[in-house]
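The values are calculated or read from the model by the stated rules, or taken from the named source; none is laboratory data. Everything numeric here is computed off the predicted structure, so don't read it as measured data. Note: ideal-geometry Cβ built from the backbone for every residue, glycine included; neighbour counts use all protein chains shown.
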Amino acid sequence: MSIDNSRNGFSQDSIVVAGVPEHFNLPWLQAIASRQFKSRGLNVVFDEVHGGTGEMAKRLNSGDCDVAVVLSEGCVAALLNGVSARIVKAYVDSPLLWGIHVASKSDIKQLHQIQNRRYAISRPGSGSHLMSIVDAAERDWPTDAMEFVEVGSLKGARLALADNSADVFFWERFTTSPLVETGEFRRLGDRAADWPAFVICATENMVSKRSADLRLMLEILNVACLELMQSPDACETIASRYGIELDAVRDWFKITRWNTDFDLDRNSFESVKRYLCRLGIVKEDSKTIDELCWDLSIGNE
């Protein structure tokens, strides 16, 4: 078994899955820990990415990972802007709820005050970047002169808000709940996306050369997602593992639906594309949504 240094030291026969270290990805970790992939002959490794969508897009494009769990809007934007990969499956069907945060010591007390402030983003093209623009557009604020401060990760955003090098930060509201509870962040409100939260994206090499392995891996993942949704202890497990207050987890769990099939809702991706075009993030004449997808339910494009 040879080691490929370009893949962060993972072996060439492994399937490297990139994803954020957050509660949405618990089914992956549980399937790996219980050897559900191993028992079916698959060497699946979950590589935690702290930089979010922008970093995962880079890894997909360079081949540093085979598969990534990516925000829908960030994935569609990345693929339309040239990242070489395909959407192969919806992962979380329910929309993501973004918290709008400032430092607790900030002079910003109300949502209208975030206009013309400095937005912390993990990377250009990330969900924190795109949803900042979506929010401003929904409030009928001009978006062409918005100021963004690249901070790399949630950790970077914490530092940026604390030292006043950025003012506002959009991030998944339940991930940041512990920071709100301790008084580090103040949450001004929420912004819900109008499309499914996460999709699973695979490199062109993965879909063309290892399609059977990809399908098998995701079949196993579907079972793990269903088991978590049906587990009576799911909320307690998530609260303990991720340090989130139990009542907040229960609220989140009620509105969260993992996908357990292989249907690709192209209409939702079309909605994302239309919005991205409206905001000038992608071009109208870019690839079609069909060109971004690989349909594993029938084994071909």
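Tally the residues that are of a type in the set (D, E) and under 26 Å from V249 (Cβ atoms), restricting the search to the range 146-181.
At the first step, the residues of the range 146-181 found to be of a type in the set (D, E) are 147, 150, 163, 167, 172, 181.
Now drop any that are not under 26 Å from V249 (Cβ atoms), which leaves 172, 181.
Result for the range 146-181: 2.
Determine which member of the set L71, L26 is under 21 Å from E150 (Cα atoms), assigned by TED's automatic domain parsing to the domain that holds L221, in contact (Cβ under 8 Å) with a residue 40 or more places away in the chain and buried (at least 18 other Cβ atoms within 10 Å of the Cβ).
Working: L26 fails: under 21 Å from E150 (Cα atoms).
Checking each option against the conditions leaves just L71.
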- F148 passes all but one of the listed conditions (1) in contact with a His (Cβ under 9 Å, 6 or more places away or on another chain); (2) at positive phi; the exception is number (2)
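From the list A90, A77, A68, A57, pick out the single residue that is of a type outside the set (D, E) and over 24 Å from D213 (Cα atoms).
Working: A90 fails: over 24 Å from D213 (Cα atoms); A68 fails: over 24 Å from D213 (Cα atoms); A57 fails: over 24 Å from D213 (Cα atoms).
Of A90, A77, A68, A57, the one residue that is of a type outside the set (D, E) and over 24 Å from D213 (Cα atoms) is A77.
Residue by residue through the range 232-256, note down the ones that are loosely packed, with under 14 Cβ neighbours inside 10 Å and either closer than 15 Å to L26 by Cα or not hydrophobic (A, V, I, L, M, F, W, C) (or both). Lay out the reasoning, then the answer.
Applying the first criterion (loosely packed, with under 14 Cβ neighbours inside 10 Å) to the range 232-256 yields 232-233, 236, 240-241, 243, 246-247, 254-255.
Within the range 232-256, P232, D233, E236, S240, R241, G243, D247, K254 qualify.
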- Query: Would the range 168-176 turn up any residue that is touching an Asp or Glu at 6+ places or on another chain (Cβ under 8 Å) and modelled with pLDDT of 95 or more?
  - Reply: yes
- Item | Neighbours by Cβ (under 6 Å, 6+ apart or cross-chain): first from the range 261-281, closer than 26 Å to L221 by Cβ; second at pLDDT below 85 | F262/S297
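Within the group I255, I281, which residue is among the hydrophobic types (A, V, I, L, M, F, W, C) and either farther than 22 Å from D140 by Cα or touching a Leu at 6+ places or on another chain (Cβ under 6 Å) (or both)? Don't jump to the end; show me each part of the working.
Working: I281 fails: either farther than 22 Å from D140 by Cα or touching a Leu at 6+ places or on another chain (Cβ under 6 Å) (or both).
Testing whether each residue is among the hydrophobic types (A, V, I, L, M, F, W, C) and either farther than 22 Å from D140 by Cα or touching a Leu at 6+ places or on another chain (Cβ under 6 Å) (or both) leaves just I255.
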- From the set of residues in the range 256-280 that are modelled with pLDDT of 85 or more and hydrophobic (A, V, I, L, M, F, W, C), which is farthest from G74 (Cα to Cα)? F262
- Item | Top-ranked residue in the range 124-149 [being surrounded by fewer than 23 Cβ atoms within 10 Å (Cβ to Cβ) and touching a strand residue (DSSP E or B) at 6+ places or on another chain (Cβ under 6 Å); ranked as nearest to P95 (Cα to Cα)] | D135
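Could you count how many residues in the range 123-141 are among the polar types (S, T, N, Q) and at pLDDT 90 or above?
Here is the first cut: in the range 123-141, the ones among the polar types (S, T, N, Q) are 126, 128, 132.
Filter again for at pLDDT 90 or above, leaving 128, 132.
Summing the residues that are among the polar types (S, T, N, Q) and at pLDDT 90 or above in the range 123-141 gives 2.
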- Can you pull out the helices (runs of 4 or more DSSP H) entirely within the range 1-107 that have at least 3 residues that are farther than 17 Å from A197 by Cα and not aliphatic (A, V, I, L, M)? 53-62
- Restricting attention to the range 197-220, does a residue exist that is loosely packed, with under 14 Cβ neighbours inside 10 Å, in the same structural domain as D64 (by TED's automatic domain parsing) and among the polar types (S, T, N, Q)? yes
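So, in the range 224-278, of the ones that are part of a loop (DSSP other than H, G, I, E, B) and β-branched (V, I, T), which residue ends up farthest from E291 (Cα to Cα)?
Within the range 224-278, the subset part of a loop (DSSP other than H, G, I, E, B) is 231-233, 243-245, 255-257, 259-265.
Then drop every residue that is not β-branched (V, I, T), which leaves 244, 255-256, 260.
Working: I244: 39, I255: 31, T256: 28, T260: 23 Å.
Among them, the one singled out is I244.
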- the range 153-223: strands (runs of 3 or more DSSP E) wholly inside it with 3 or more residues that are under 17 Å from the mean Cα position of the chain (by Cα) and within 17 Å of V102 (Cβ to Cβ) are 168-172
